[in-house]
Amino acid sequence: MRAVVCVEPGVLEYKEFEKPEPKAGEVLVKIKSIGVCGTDIHAFGGNQPFFEYPRVLGHELAGVVEKVGEGVDLASGKSVYIIPYISCGTCIACRNDKGNCCTNIEVIGVHRDGGMCEYICVPVKYVVHTEGLSFNDLAVVECFSIGAHAVRRAEIKETDTVLVMGSGPIGIGAIQFSQMSGAKVLVSDIDQAKTKFCLENYGVDGTVNALGDVTQQLSELTNGEFPTVIIDCTGNVKAMESAITNLAHGGKIVYVSVVKANICFNDPEFHKRETTLLGSRNATKEDFENVVNGLKDGTLKSNGFITHTAQFSKMVESFETWTKPGSGVIKAVIEMDDA
Ligand SMILES: [Zn+2]
Ligand SMILES: [Zn+2]
């Protein structure tokens with residue numbers, strides 16, 4: 001089978017590999033589409049410090065079951081999405097049902113070879129059924145699942161006012177799940193075209209220009225009470241730090257972003273609010289299932305994300321142009337030539 005290997009930073013090459021065989025408990029998935037995300041772009045650029053090369057990238061994977069290993073009761077031809085977070089099942093986090101933050105986590109396409117190839121084998125518990133989902137839907141499943149997990153962490157209620165900072169695909173996942181909980185939802189971004197997109201397509205209750213006076217704008221939007229939940233999807237230290245002072249008393253902060261930096265805050269500001277500070281890492285099978293079901297029944301919308309596509313046979317040249325600044329990529333998707 002053909003695979004695209006990131007041989008070293010900046011170099012992608014087609015290589016031939018043996019087609020894998022599913023072991024007991026595994027499924028062999030014929031890949032149909034591969035979403036490209038920031039992780040892939042950073043790995044290609046060489047700015048992922050723990051990344052080892054050569055590596056087959058790609059962790060946003062949709063396909064069909066071609067063959068199953070011993071003990072797997074799943075029909076060939078079923079459409080599936082692969083949950084890319086492989087957990088050990090035995091560590092402290094796994095024993096507490098939190099495989100999403102397993103101490104030995106292996107993310108497909110990051111810590112082990114990924115899905116920029118024709119076939120991949122995974123244990124059957126890492127697939128969700130996606131019959132009826134469109135190409136647009138499949139492109140948002142992982143990002144929306146990460147957003148869904150953050151909302152679940154915060155246990156959002158109807159009476160909450162949620163500020164989602166950052167309006168990329170993860171932020172929009174968080175917006176929609178917060179809305180499903182009945183909360184009022186505000187969104188902030190430095191890019192006003194993106195907040196406008198959220199207003200027009202996702203019905204948020206208010207937008208904040210992150211380049212302006214955020215505290216002032218939030219005060220006006222909440223009658224001086226401020227958001228009771230802030231979900232950060234920016235990857236920006238200043239934005240993350242601002243959450244501490246822009247939060248309602250008694251509120252919660254969820255950091256979905258991860259930045260290679262220290263986050264500093266003033267303890268009296270943190271203390272007087274009795275702040276709940278939560279991390280949110282990856283997503284669980286439950287989150288993936290919630291997203292897939294929401295897309296199937298139409299409670300989640302997936303339109304407007306895919307900005308670029310390429311056929312697998314032409315992806316090497318396209319991929320490089322997607323990594324250039326100013327490429328305007330929100331979500332690029334690689335389609336198998338025979339998909
Ligand atoms: Zn991703
Ligand atoms: Zn584990």
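Points worth noting:
- Between Pro227, Pro54, Pro268, the residue with the greatest mean-square fluctuation in the GNM of the chain (Cα pairs under 10 Å linked by springs) is Pro268.
- Region 213-237 and region 6-63: distance between their alpha carbon centers, rounded to Å: 37
- Solvent-accessible surface of the chain, taken per residue with a 1.4 Å probe and all protein chains present: 45 Å².
- Sparse-neighbourhood loop sites, GluC sites (Glu not before Pro) in region 142-182 - DSSP loop, at most 14 other Cβ within 10 angstrom: Glu155, Glu158
- Sulfur and carbon atoms: percent of accessible area, region 147-279 [1.4 Å]: 49
- The spacing between region 250-321 and region 142-193, judged by their C-alpha centroids, is 9 Å.
- Over 28 Å (Cα to Cα) - which of Lys23/Lys285; Lys98/Lys272; Lys78/Lys196; Lys23/Lys314; Lys32/Lys296 fall in this group: Lys98/Lys272; Lys78/Lys196; Lys23/Lys314
- Taking a straight line from the alpha carbon of Lys238, these lysines sit under 20 Å away, with near neighbours fewer than eight places off in the same chain left out: Lys194, Lys252, Lys260.
- Val259 sits among other residues whose Cβ lies under 13 Å from its own Cβ, and their net charge, with Lys and Arg +1 and Asp and Glu -1, is 0.
- Net charge of neighbours whose Cβ lies under 10 Å from the Cβ of Cys143, counting Lys and Arg as +1 and Asp and Glu as -1: -1
- Using alpha-carbon coordinates, inclination of helix 169-180 to the longest axis of the chain, degrees: 60
- Note on Phe265 and Ile330: their simple-model spin labels are 3.0 nm apart, each label 7 Å out from Cα toward Cβ.
- When the chain is treated as a GNM with alpha-carbon contacts under 10 Å, the residue of Lys272, Lys19, Lys30 showing the greatest mean-square fluctuation is Lys272.
The values are calculated or read from the model by the stated rules, or taken from the named source; none is laboratory data. Predicted, not measured: the structure shown is a model, and the values here were computed from it. Methodologically, a virtual Cβ is constructed for each residue, glycine included, from the backbone with ideal geometry; neighbour enumeration extends over all protein chains shown. Only protein heavy atoms, including side chains, enter the accessible area calculation; ligands, DNA and RNA are left aside. Shrake-Rupley method; radii C 1.70, N 1.55, O 1.52, S 1.80 Å.
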